[in-house]
Structures are given as C-alpha cells and as structure tokens.
C-alpha cells in the first residue's frame, strides 16, 4: 500500500471536500450567534433594572465630563451583585449548552471524516474491530475542556491581581507588574492550549475506537508517542497556515480603517466585520483540515520501512581459495595450463 502524508491528506480534504469545513462553521457559528444574542438581551435587561432619577438625567444633559461621571456612578451604584449573579447564570448556561452542542457537532464531523478515509485506499482494514461509541464520552471530554477554559480565566484574573500587588501606589513598579502579568498570562495560555489540544485529539478515539473519556486521553498520548512526526508535523504546518491567515487578515483590515476619515462609519464597520468573518471562516476550515490530518494519522498505516538485503559475497578466485569451496564447472583433478611444468 502506498504511504501518503497525513498532513497532505488534511489539506486535500478541505480543498476537495469543503462540506467538512462548512459543517464545522455551521455548528460553531450557530452557537456563537445564539450566545451573542443571549448576551445582548441580558445586557439590555440589566440596563432596564438600573434606576435613573431626574437629577441623573439633568447631570447627563450638561455634557460636562465630571458631572456625567458622577451621574453614571450614581446610576450603577448597588448593581454589582446583579452583575455577578447574571454573569454566573450566563456562564453556567452557556457552558452546559456548549458542552452538548460541541459534542454533537464533533461527533457528526468525526463520523464524516472516518467515513471519508474508510472509502479511500488507505482504509483501516488492519485496525482492530471498532466498538460502539457513546456520546457521554465526548461530553466528558468537552466538560474537561470547559473546566480548563474556566481555570485559564481564573489564571488571567490572578495575573491582574498579582500585577496590581507588585505595583502599589506608595511604591510604584509598572515594569515588574507588567512582567508578572505577562508571565502568568503566558503560563496560563500554554497550559490551556496544551490540555485543550490533547482533549481535542482524544475525541477521535471516542468515535473511531469507542473509547471512554479516560481511555481516549490515554490513546491520544500513545499516538503522540508512537507517531510523533506525523502528529506534530500536522500541527506545525496548519499552525503556520493559521498564522499566515491572521497576518493577511490584519493587513487587509487596515484598508477600511485607513478610509475612516473619508467613508461613512457604517461602511468602515461593515468592511471590518466582513474581513473578520472571512478570517474566522478560514480558521475553521484550517481547524477541520488539521482534524482530518489527525484522523488520517490514526486510520492510515505508518510509513513503510524499506529493508535492503545485501547480496551474498562472491567467492575469491586464486591460489588462496578455500579448499571446501569448489566450482561445479571446473574439475579439480584435471590439469590446467598453470599446472604444467615449464620445459627446461
């Protein structure tokens, strides 16, 4: 069987089968749109609960920054508990909804990818018999991903608090505060991205082999140990493609912003939103391609090792030839020219 690169298979999959990327966009953007509407609705409902007196309106109409800030502080006074309560309810609700929707969406995309690779010549005929997978295993993996995200958020808040503690009003040290903040943020991001990557990779083994939550995590670690080249090559190449897309999008978004003084604000905002949506779409396609590369790594056989067999050594001809090695084409008892004594 001819071996093919899993990374190349991932790129070819998103180019030849764009429906995979569109399916990823469908469930991700649907949840994002619903979450955005819920957050906007909750924000306006929160604003309706704020009491605004006639004195506050009078101060707001003065257009004086000092009076306006005083009115705003009076309006928002005593509403911190409602903000915390709303944030906790929204976090729990959206977290549970994301776990369920992400599990269903990932199950659908992985089943389609497995069916795609099983139809090709690099099918998994030599793999063990697959067991029936269960949705609760994917739910467990996504629950761990949600917990890792919340822990990373707490780490970011801790970075702000530690940075503020390092720089006090009596002894200001903005450089040390920024260094502590940046270090904690980088460590939290590195831990979150690594754990999130492993949990995303483990989802393949839930659908492909019917593993449970912890069995899938173990299988993901084993895959990184047995085939590290294919796994990390896919991550590096798709990561470079993602960085390239981000750089290009950042450069393109500067064009509508450059005409902000000439064009209407709605057109500039529309251009920025269009470029942002295109970047998110490309990012989802690249994520799906990387997932396809990982599925190809699991389903396709490893690169064949060519073994070269050395030819047997030829016997040495001459007077020092071993007496036990005789050529069947030469009669040893028959004299040859070199054996005849020279005439005197």
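Looking at this structure, is residue 190 assigned to a helix (DSSP H, G or I) and modelled with pLDDT of 90 or more?
When the stated conditions are applied, residue 190 passes them.
Name every residue in the stretch 1-42 that is modelled with pLDDT under 90 and surrounded by fewer than 12 Cβ atoms within 10 Å (Cβ to Cβ), in order of residue number.
Matches in the stretch 1-42: 1, 2, 3.
Does residue 268 satisfy the condition of being at pLDDT below 85, surrounded by 17 or more Cβ atoms within 10 Å (Cβ to Cβ) and more than 30 Å from residue 204 (Cβ to Cβ)?
When the stated conditions are applied, residue 268 passes them.
Let me spell it out: the conditions are (1) surrounded by fewer than 14 Cβ atoms within 10 Å (Cβ to Cβ); (2) at pLDDT 90 or above, and residue 149 meets all of them except one. Which number is the exception?
Only one criterion in (1) surrounded by fewer than 14 Cβ atoms within 10 Å (Cβ to Cβ); (2) at pLDDT 90 or above is unmet by residue 149, namely (1).
I'd like to check something: does the stretch 54-72 contain any residue that is outside the structural domain of residue 153 (by TED's automatic domain parsing), part of a helix (DSSP H, G or I), surrounded by 14 or more Cβ atoms within 10 Å (Cβ to Cβ) and touching a residue at least 24 places away in the same chain (Cβ under 8 Å)?
no
The values are calculated or read from the model by the stated rules, or taken from the named source; none is laboratory data. Keep in mind it's a predicted model, so treat the numbers as computed, not measured. Note that we place each Cβ from the backbone using ideal geometry, even for glycine, and neighbour counts take in every protein chain shown.
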